[in-house]
Amino acid sequence: MKTKNLYRDFFLHFDILVMMILLVGFVSSVTIMGLTLFTLLCFSIGLVFFIFSEYLTHRFLFHLKAPRNPFFLKALKRLHYDHHKHPNDLKLLFLPIWYSIPQFIILSFVFYLFTRTIAGTLAFGIGLIVMLLIYEWRHYVAHRPIKPKTKFGLWVKKTHMLHHFKNENYWYGVSNPFVDVLFGTLKNQNEVENSETVKNLERRVQ
């Protein structure tokens, strides 16, 4: 596949386009309001918050034992179960906006309740969206025929492939595997057994 087609598939994907448009709007608003040390702090909080929420959501929500509720099961299948079954299917690769945007609104609203400032909340939202796009890009690279140019990029891709094809109980960090170090889920691949449910999360018993 030509490189330009790989980039086109990412940047012209509907869910990515929507988040980039939101990002441009938020950045423009904060710029007009005026950048301050406080807004930069809020932006940084958004970045860090996403990294941890990404890990926790991936581990404790997306890898839940298959629920009995049909609606919840269908949602989890779209969000993650089917992605493990068909890891290179482009249609299952990105987080859908029906999941991302409500989550983004809720988190921003909670942040506003604490700060009571529009500029700070917008900056926090920018941090969330920037890290979401970084997450989506690293996830995309991990599943597409793209060779990262840095050692960190190669490491990120390797750990994610281990999560998909070795054992789904480890290597949850997609944008930043360092979080796995904090939570004890970054393992030496030679010390981890192959999982029988790595491509079928619905069969997980716990």
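Along its three principal directions, the equivalent ellipsoid of the chain from the Cα gyration tensor extends over semi-axes of 30, 20, 18 Å, largest first.
Give the angle, between 0 and 90 degrees and rounded to the nearest 10, that separates the Cα long axis of helix 37-60 from the longest principal axis of the Cα atoms of the chain. It works out to around 20 degrees. Split the chain at each of the trypsin sites (Lys or Arg not before Pro) in a DSSP loop with at most 13 other beta carbon atoms within 10 Å, and the longest piece is 3-64. Orientation-averaged projection of the range 9-48 equals 3.3 nm² [convex hull of Cα atoms, one quarter of hull surface area]. Per-residue surface analysis assigns residue 20 an accessible area of about 50 Å², computed on protein heavy atoms at 1.4 Å probe radius. Our summary gives the range 96-206 a relative contact order of 17 percent, counting only alpha carbon pairs under 8 angstrom and 6 or more residues apart. Contact order, relative form, for the chain: 28 percent (alpha carbon pairs under 8 Å, 6 or more residues apart, mean separation divided by residue count). Report, in degrees rounded to the nearest 10, the 0 to 90 angle that the Cα long axis of helix 97-115 makes with the longest principal axis of the chain. Approximately 50 degrees, to the nearest 10.
Hydrodynamic radius of the range 61-145 by the Kirkwood approach over all distinct alpha-carbon pairs: 14.6 Å.
Solvent-accessible surface (1.4 Å probe) assigned to residue 89 amounts to roughly 60 Å². In the context of the full set of protein chains, residues of the chain present 56 Å² of accessible surface per residue (probe radius 1.4 Å, heavy atoms only). Which GluC sites (Glu not before Pro) from the range 166-206 combine a DSSP loop assignment with at most 13 other Cβ atoms within 10 Å? For GluC sites (Glu not before Pro) across the range 166-206 that sit outside H, G, I, E and B with at most 13 neighbouring Cβ atoms in 10 Å, the list reads 193, 196. Residues considered: 113, 162, 90. Largest GNM mean-square fluctuation over the chain, using C-alpha springs under 10 Å, is found at 113.
Element breakdown for the chain at a 1.4 angstrom probe: carbon and sulfur atoms account for 66% of the accessible area. When the Gaussian network model of the chain links Cα atoms closer than 10 Å, the mean-square fluctuations of 134, 51, 32 top out at 32. Computed from Cα atoms, the angle from the helix 118-143 axis to the main principal axis of the chain rounds to 30 degrees.
With no solvent and one equal point scatterer placed on each C-alpha of the range 1-86, evaluate the Debye formula and give log10 I(q)/I(0) for q = 0.23 Å⁻¹, two decimals. Log10 I(q)/I(0), no solvent term: -1.11. Within the full protein context, the accessible area of residue 57 is estimated at about 30 Å² for a probe radius of 1.4 Å. Computed per residue of the chain from DSSP H runs no shorter than four, each worth -39500 (n - 2.57), the mean residue ellipticity at 222 nm is -20500 deg cm²/dmol.
The values are calculated or read from the model by the stated rules, or taken from the named source; none is laboratory data. Because the structure is a prediction, the values reported are computed rather than measured. Neighbour counts run over all protein chains shown; Cβ positions are idealised from the backbone, glycine included. The accessibility values were calculated without ligands, DNA or RNA, using every heavy atom of the protein model including side chains. Shrake-Rupley method; radii C 1.70, N 1.55, O 1.52, S 1.80 Å.
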